[in-house]
Amino acid sequence: MRLGSYVGQRFVLALLMLAAGALCAADTGPGRHATTRQDLIGVWRLVSIGVEGPGGRQDDPFYGGGSRGLLIYDASGWFSVQIEGSSRPTVQIPSVRPEAAQTDSTARAKAAALDSYYAYYGTWTFDPATSTITHHAQGALYPVEDHATYPQHVEVVSNHMSFTRSQNVAGQASVQTKLWQRVGSD
């Protein structure tokens, strides 16, 4: 065995041990506990959605910075989530729906409003062993997502909840993080 490869292997092993120790310390630090099902129940206000990828951290490309949202988990296992992007267009609402005739500009404004809003509801399950919450959609703004299943890693610390999930968009691996704050904890 060459001395250089031996030193390199020991360096990598030392880094791995240091990282494992840091993770253990983070999990057992003061005020930290494993997230429980009970921690999730309540009403949450969206704080931010970001994506960490090869180019660093940026606002989520779908919602943009300054997006707003509300997430509700109830004890019986139902949830509802709504998120709106920050630059939603104003659309005139007709006095009677549906509008009999619409112009191209009205159709474009409606499409832009739809594209900047996301909502679905259904039931939820939680796996405490992996700290994974799974949304089982029953209905969604986009009908193709009815009955979709969305697992995400979840962590609740104090009055904040974060979801993280890996994604691959246009061949680029990234991690999306949604940060929520419990309503009434401002």
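Beta carbons closer than 6 Å, at least 6 apart along the sequence or on distinct chains, never pair a first residue in region 160-186 that is on the phi > 0 side of the Ramachandran plot with a second that is among the acidic types (Asp, Glu). Annotation: ALA111 fulfils all but one of (1) at pLDDT 95 or above; (2) assigned to a helix (DSSP H, G or I); the unmet one is (1). The condition of being under 15 Å from LEU71 (Cα atoms), β-branched (Val, Ile, Thr) and under 16 Å from the mean Cα position of the chain (by Cα) holds for only one of VAL175, VAL183, VAL154, that being VAL154.
Take SER105 and tell me if it is at pLDDT below 85 and touching a strand residue (DSSP E or B) at 6+ places or on another chain (Cβ under 8 Å). The answer is no for SER105. ILE133 meets all of the listed conditions (1) surrounded by 14 or more Cβ atoms within 10 Å (Cβ to Cβ); (2) without any contact (Cβ under 8 Å) to a residue 60 or more places away in the chain; (3) not polar (S, T, N, Q) but one, namely (2). The lone criterion from (1) at pLDDT 95 or above; (2) assigned to a strand (DSSP E or B) left unmet by ALA129 is number (2).
Considering PRO94, PRO54, PRO30, the condition of being surrounded by fewer than 10 Cβ atoms within 10 Å (Cβ to Cβ), out of contact with any Cys (no Cβ under 7 Å at 6 or more places or on another chain) and at pLDDT below 75 is satisfied by PRO30 alone. For the condition on the phi < 0 side of the Ramachandran plot and either modelled with pLDDT under 85 or touching a Cys at 6+ places or on another chain (Cβ under 7 Å) (or both), THR36 does not qualify.
ARG45: basic (Lys, Arg), assigned by TED's automatic domain parsing to the domain that holds THR134, at pLDDT 85 or above and within 26 Å of the chain's Cα centre (by Cα), yes or no? Yes: the conditions hold for ARG45.
The values are calculated or read from the model by the stated rules, or taken from the named source; none is laboratory data. Predicted model, so just to flag it, every value in this text is computed and none were measured. Here the Cβ is made from the backbone with ideal geometry for all residues, glycine too, and neighbour counts use every protein chain on show.
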